[in-house]
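The values are calculated or read from the model by the stated rules, or taken from the named source; none is laboratory data. None of these values were measured; they are calculated from a predicted model. Backbone-built Cβ (ideal geometry, glycine too); neighbour counts: all protein chains shown. The area values use the complete protein model at the heavy-atom level, side chains included, leaving out ligands, DNA and RNA. Shrake-Rupley method; radii C 1.70, N 1.55, O 1.52, S 1.80 Å.
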Amino acid sequence: MANTFKDTITFGDAERLAGPMQFNIMFKPAGSLCNLDCSYCYYLDKAAIYGGREPVMSYDVLETCIREYIQANDVKDVTFNWHGGEPLILGLDFYRKAVELELKYCGDKRIHNTIQTNGTLMTPDFAAFFKDNAFLVGISLDGPRDIHDKYRRDKGGAPTFDKVLQAIDIMYRYGVEYNIMSTVNKESEGRGLEVYSFLKQLGTRFFQFMPVVEHVRFPLSDAGKIQKKARPYIVDPATEGASIAPWSVRPRAFGGFLCDIFDYWVRNDVGRCFVNQFDSALANWCGAQPGTCAYAETCGGNSVIEHNGDLYPCDHFVYQGYKVGNVTETPLRELMGSALQARFGIDKRNGLPYKCMKCQYFFACHGECPKHRFNKTESGETGLNALCEGYRMFFSHIAPYMDKMKELLLRKEAPAGVIPWARLRPLK
């Protein structure tokens, strides 16, 4: 069945587009430059867009970006999200300058900072700076040593697990607020509760689990032969010769990973530990805006600025065909309000196959992230999420508990009240 609503906008879309401007930017001041060579990293190959070079953001571009971002947001709280590549590779002086410029242009707005790092360059000086300036630090750690070191190695092929734990120790000693981001990949399959229990021991209460499902294409030799020993390029699924990356998590394995963690969490940790998928599911169950863009109805409010000021609508769509413009040439407010940006956002919903629109869990999933929508439905429609089977498994599993937590919230009671109720239910 054809999607007859592909070119329409809803009242909610119109209200959002016409209302006060509010959006998030992921700043990539080091571009794809990184000291690691993680197998599944989709950003290392972005240097090819800029002629194979990995230049970094100049102070002039930094000042333009900070000024434009603060002025373009019509809200009192503005959050800078520093990302990479590896953002710490720029050194501490860069972020001292960034904070100086934030104070210069903030006016009466409140400025917040987050930074995502692989942790291997963390030092006491960085930790002291992050503590003094109230940075929230996201650190990448996939789980116990064997899971983490399988795909997260440095440029020389050496493991990084010990350096990441050292970084966490430094941040803990300096009182830095941090959370942990973990990919869910082939090595994670069947080990959800083990990963969660391990990460909890490291002192954080906030967890982000990001599924890895990617396509790769191996480079060709001069003779046209596939070089399977070379690092493959991570490419758009539509690329000729692309195939599923060997580190990709399988759909049902991803669903099982989440279910295993949820079964423990809902009986022990509600209100104490926070997992992005669980928080977003509860928000959608209650009709609120989820905190993770992947589970929102539309997107386009979490864009990316590259080292030279180029703006892209999403971290996962940094391809030339998606470039919106450059903030050193066009005001950011104009770029974020452009037709190209709006189209990208509503296409998240309007590009879904009919099967998704009639799914009982559409309200909770919204098709998840467009980067994973490369499968076909039984009727041949394109755009089905590759993890669909896993998500259906997960949402079906958590539905009774989400219903109960929604009931508690409607009575103005804490969701943690689900714990004794959940403990009386048999584990499936």
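Applying the criterion of being closer than 15 Å to Asn73 by Cα and either surrounded by 21 or more Cβ atoms within 10 Å (Cβ to Cβ) or touching a residue at least 60 places away in the same chain (Cβ under 8 Å) (or both) to the residues of the range 309-341, the residue that is nearest to the chain's Cα centre (by Cα) is Met336. Within the range 384-428, being among the charged types (D, E, K, R) and either open to solvent by 60 Å² or more (accessible area, probe 1.4 Å) or closer than 14 Å to Tyr361 by Cα (or both) holds for Glu389, Arg392, Asp403, Lys406, Glu407, Arg411, Lys412, Glu413, Arg423, Arg425, Lys428.
Between Glu306, Glu297, the distinction of being among the acidic types (Asp, Glu) and open to solvent by 60 Å² or more (accessible area, probe 1.4 Å) belongs to Glu297 only. Scanning the range 147-184 for residues that are among the polar types (S, T, N, Q) and under 17 Å from Asp37 (Cβ atoms) turns up Thr160, Thr183.
Looking only at residues in the range 345-357 that are touching a helix residue (DSSP H, G or I) at 6+ places or on another chain (Cβ under 7 Å) and of a type in the set (A, V, I, L, M, F, W, C), the one that is surrounded by the most Cβ atoms within 10 Å (Cβ to Cβ) is Cys356.
If you go through the range 186-245 and pick out every residue that is of a type in the set (Gly, Ala, Ser) and either open to solvent by 70 Å² or more (accessible area, probe 1.4 Å) or at pLDDT 90 or above (or both), you end up with 7.
Kindly indicate whether any position in the range 167-181 is within 28 Å of Arg252 (Cβ to Cβ), in contact (Cβ under 8 Å) with a residue 12 or more places away in the chain, not in a loop (DSSP other than H, G, I, E, B) and not hydrophobic (A, V, I, L, M, F, W, C). Looking for residues that are within 28 Å of Arg252 (Cβ to Cβ), in contact (Cβ under 8 Å) with a residue 12 or more places away in the chain, not in a loop (DSSP other than H, G, I, E, B) and not hydrophobic (A, V, I, L, M, F, W, C), one finds at least one in the range 167-181, hence yes. When restricted to residues that are outside any helix (DSSP H, G or I) and either open to solvent by 30 Å² or more (accessible area, probe 1.4 Å) or touching a strand residue (DSSP E or B) at 6+ places or on another chain (Cβ under 6 Å) (or both), the range 246-287 contains 9.
When Cys365, Cys388, Cys356, Cys369 are screened for being under 24 Å from the mean Cα position of the chain (by Cα) and without any contact (Cβ under 8 Å) to a residue 40 or more places away in the chain, only Cys356 passes.
Hey, can you tell me all the residues within the range 21-49 that are open to solvent by 30 Å² or more (accessible area, probe 1.4 Å) and part of a helix (DSSP H, G or I)? Those that are open to solvent by 30 Å² or more (accessible area, probe 1.4 Å) and part of a helix (DSSP H, G or I): Asp45, Ala48, Ile49.
Consider the range 94-126 and keep the residues that are farther than 24 Å from Tyr174 by Cα and of a type in the set (D, E, K, R). The one that is least open to solvent (accessible area, probe 1.4 Å) is Lys109.
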